[in-house]
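Q: Got a structure for you, questions after.
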Amino acid sequence: MSIAFAVDADGWVAQAHRLPSPNFEARPQGSVPTLIVVHNISLPPNQFGGTAIAELFLNTLDCDAHPYYEAHLRGVRVSAHFVIHRDGELEQFVSCNERAWHAGPSNFFGRERCNDFSIGIELEGSDTTPFEAAQYRTLGSLVSALTARYPIEALAGHSDIAPGRKTDPGPHFEWARLQRDTLLADRYFPYLKFSRTL
Ligand SMILES: [Zn+2]
């Protein structure tokens, strides 16, 4: 069984390791989270462990430490609400009530600026590696807590809302497993093709 998470009124999950990022702003007036966006990230790419993801989101990453950082991340200001590490540990960088900077140019069925109305969850991982069972356990608990707290209508991958530009969470991410773990109805997964008949 998974652990029950809860989101407090200020938009923070008590069970998460809290690392407040300066990279956020208020959501537009009247905008509430209705979309959950699933990503993968690893820094350096395809290397797991370490603290580089947190350092990126906290603007403390030493870009001299790796050529990839120098080439792609110097001066970049990004964040996600959550990171789930390989061992299932949950970190939170931005309150869910605020607008984090994870999606970039994006379009959800004609609605642009997905950061305005979404919650971003980064799984430590890559497009070429299966995710860990511990990560699915934490993700399932987190998604359940978020759907209980906010009027979430859908979940999407970053690649769904930024096709051609983004490929994460990648082919190894098991959407059906997330659906099974959360018991969410098919309508929460508008990008999934359901083969079974109703
Ligand atoms: Zn992404």
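Q: Name the residues in the stretch 121-167 that are within 15 Å of the ligand (Cβ to nearest atom) and among the small types (Gly, Ala, Ser), would you?
A: GLY125, SER126, ALA156, GLY157, SER159, ALA162, GLY164
Q: From GLY30, GLY11, which residue is buried (at least 17 other Cβ atoms within 10 Å of the Cβ) and on the phi > 0 side of the Ramachandran plot? I'd like the intermediate steps shown before the answer.
A: Working: GLY30 fails: buried (at least 17 other Cβ atoms within 10 Å of the Cβ).
Exactly one of GLY30, GLY11 is buried (at least 17 other Cβ atoms within 10 Å of the Cβ) and on the phi > 0 side of the Ramachandran plot, namely GLY11.
Q: Of the numbered conditions (1) touching a residue at least 24 places away in the same chain (Cβ under 8 Å); (2) within 16 Å of the ligand (Cβ to nearest atom); (3) surrounded by 17 or more Cβ atoms within 10 Å (Cβ to Cβ), ALA16 satisfies every one except a single condition; which is it?
A: Of (1) touching a residue at least 24 places away in the same chain (Cβ under 8 Å); (2) within 16 Å of the ligand (Cβ to nearest atom); (3) surrounded by 17 or more Cβ atoms within 10 Å (Cβ to Cβ), only one is false for ALA16: (2).
Q: Okay, next question. Report, by residue number, each residue of the stretch 28-70 that is more than 17 Å from the chain's Cα centre (by Cα), more than 16 Å from the ligand (Cβ to nearest atom) and touching a residue at least 40 places away in the same chain (Cβ under 8 Å).
A: PRO28, SER31
Q: If we scan the stretch 123-137, do we find a residue that is at pLDDT 95 or above, surrounded by fewer than 21 Cβ atoms within 10 Å (Cβ to Cβ) and either over 19 Å from SER42 (Cβ atoms) or of a type in the set (Phe, Trp, Tyr) (or both)? Lay out the reasoning, then the answer.
A: Of the stretch 123-137, the ones at pLDDT 95 or above are 123-137.
Those left that are additionally surrounded by fewer than 21 Cβ atoms within 10 Å (Cβ to Cβ): 126-130, 132-134, 136-137.
Now restrict to residues that are either over 19 Å from SER42 (Cβ atoms) or of a type in the set (Phe, Trp, Tyr) (or both): 136-137.
Yes, that holds for at least one residue.
Q: Do any strands (runs of 3 or more DSSP E) lying entirely in the stretch 1-117 carry at least 1 residues that are closer than 21 Å to GLY170 by Cα, and which ones are they?
A: Details: elements: 24-26, 35-41, 82-84, 90-92, 98-100.
Strands (runs of 3 or more DSSP E) meeting the threshold: 35-41, 82-84, 90-92.
Q: Right, another one. Can you name every residue in the stretch 118-137 that is part of a helix (DSSP H, G or I) and touching a residue at least 60 places away in the same chain (Cβ under 8 Å)?
A: Correct list: ARG137 only.
Q: Give LEU184, LEU178, LEU155 a once-over and let me know the one that is over 17 Å from GLU122 (Cβ atoms), surrounded by 15 or more Cβ atoms within 10 Å (Cβ to Cβ) and modelled with pLDDT of 95 or more. Quick ask: steps written out before the conclusion?
A: On the way: LEU178 fails: over 17 Å from GLU122 (Cβ atoms); LEU155 fails: over 17 Å from GLU122 (Cβ atoms).
Unique residue meeting the criteria: LEU184.
Q: Hey, another quick one. Among the residues of the stretch 79-114, write down those that are away from the ligand (no atom under 13 Å from the Cβ) and of a type in the set (Phe, Trp, Tyr).
A: PHE93, PHE108, PHE109
The values are calculated or read from the model by the stated rules, or taken from the named source; none is laboratory data. Quick caveat: nothing in here was measured; it's all calculated off a predicted structure. Cβ atoms come from the backbone with ideal geometry, glycine included; neighbour counts cover every protein chain shown.
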